[in-house]
Amino acid sequence: MSEAADQAAAQERTPRRHLPTWLVVLIALLVSVLIRVLVLGIYAIPTGSMENTLGLGDRVAVAKWRGGDVHRGDVVVFDGGTTWGSVTGVAPNALERAVGAMEGHDPANVYVKRVIGVGGDRVACCDAQGRVTLNGTALQEPYVYPGDAPSDTRFDVLVPAGRVWLMGDHRSRSADSRWHLGSPGGGTVGVDDVIGPVLFRYWPPSRIGSLDSRG
């Protein structure tokens with residue numbers, strides 16, 4: 001047998017070293033947590049305020065790397081702790097609170113709404129046809145829940161720089177910027193409080209799909 005063959009045979013006889021299973025599982029868990037905390041958030045829709053675009057209990061993936069990159073029409077998840085307070089009727093369990101602590105926010109304060117106006121925009125309601133206007137132009141809003149008026153609340157707001165005006169698609173069931181005119185920020189939410197835009201719905205399977213500015 002040649003020297004090369006001897007070396008190959010010796011290598012085959014040498015036990016291969018593998019990482020312990022527990023360490024592989026731990027590494028995988030840490031990687032998944034880091035991805036969820038820093039890159040791709042996973043959230044459950046807590047109310048029916050975004051129907052029919054998003055329903056109660058739907059699960060969505062959120063692009064955290066785009067937290068400050070907010071555009072009109074985006075459906076976003078945000079932390080309302082410093083402005084709107086907790087979501088009515090939402091009581092996170094211990095696991096949800098633990099994950100929220102890692103992500104830097106209380107899950108009881110997490111909302112999902114649609115961006116209607118950004119800094120510098122004038123958002124008002126309503127024009128002669130009952131429509132919401134943006135900088136004097138009536139919005140076409142095909143995503144509004146069937147049978148709902150664009151708004152039953154009148155408002156006329158100049159959105160401050162670095163903030164956004166948000167509304168739910170199910171207008172008659174959404175406690176959104178209109179409801180919080182007397183809250184800090186005058187109903188608007190800071191861009192820094194936006195966790196990120198919704199990329200897609202992954203649950204239920206029958207409703208898997210991406211979201212766009214039309215809902």
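The values are calculated or read from the model by the stated rules, or taken from the named source; none is laboratory data. Quantities reported herein were computed from a predicted structural model and do not represent experimental measurements. Cβ placement follows ideal geometry from the backbone for every residue including glycine, while neighbour counts extend to all protein chains displayed. Accessible surface is based on the protein model in full, side chains and every heavy atom, while ligands, DNA and RNA are left aside. Shrake-Rupley method; radii C 1.70, N 1.55, O 1.52, S 1.80 Å.
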(request) Determine which single condition S210 fails, assuming it passes every other condition in (1) free of Cβ contacts under 8 Å to residues at least 24 places away in the same chain; (2) open to solvent by 50 Å² or more (accessible area, probe 1.4 Å); (3) in contact with a Leu (Cβ under 9 Å, 6 or more places away or on another chain); (4) more than 26 Å from A63 (Cα to Cα). (result) (4)
(message) Given the criterion crowded, with 16+ Cβ neighbours inside 10 Å and not aliphatic (A, V, I, L, M), identify the matching residue among G182, G187.
(response) G187
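Looking at the structure I just gave you, is W165 exposed (fewer than 15 other Cβ atoms within 10 Å of the Cβ) and closer than 17 Å to S49 by Cα?
Details: exposed (fewer than 15 other Cβ atoms within 10 Å of the Cβ): no; closer than 17 Å to S49 by Cα: yes.
No; evaluated as a whole, the condition is false for this residue.
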(request) Identify all residues within the range 63-104 that are more than 15 Å from G190 (Cα to Cα), assigned to a helix (DSSP H, G or I) and touching a residue at least 60 places away in the same chain (Cβ under 8 Å); write none if there are none. (result) K64, W65, V99, M102, E103
(message) Which residue is surrounded by the fewest Cβ atoms within 10 Å (Cβ to Cβ), if the candidates are limited to the range 55-95 and must be at pLDDT 80 or above and closer than 20 Å to L30 by Cβ?
(response) W65
(request) Could you list, in sequence order, all residues of the range 124-154 that are outside any loop (DSSP other than H, G, I, E, B) and under 26 Å from P46 (Cα atoms)? (result) V132
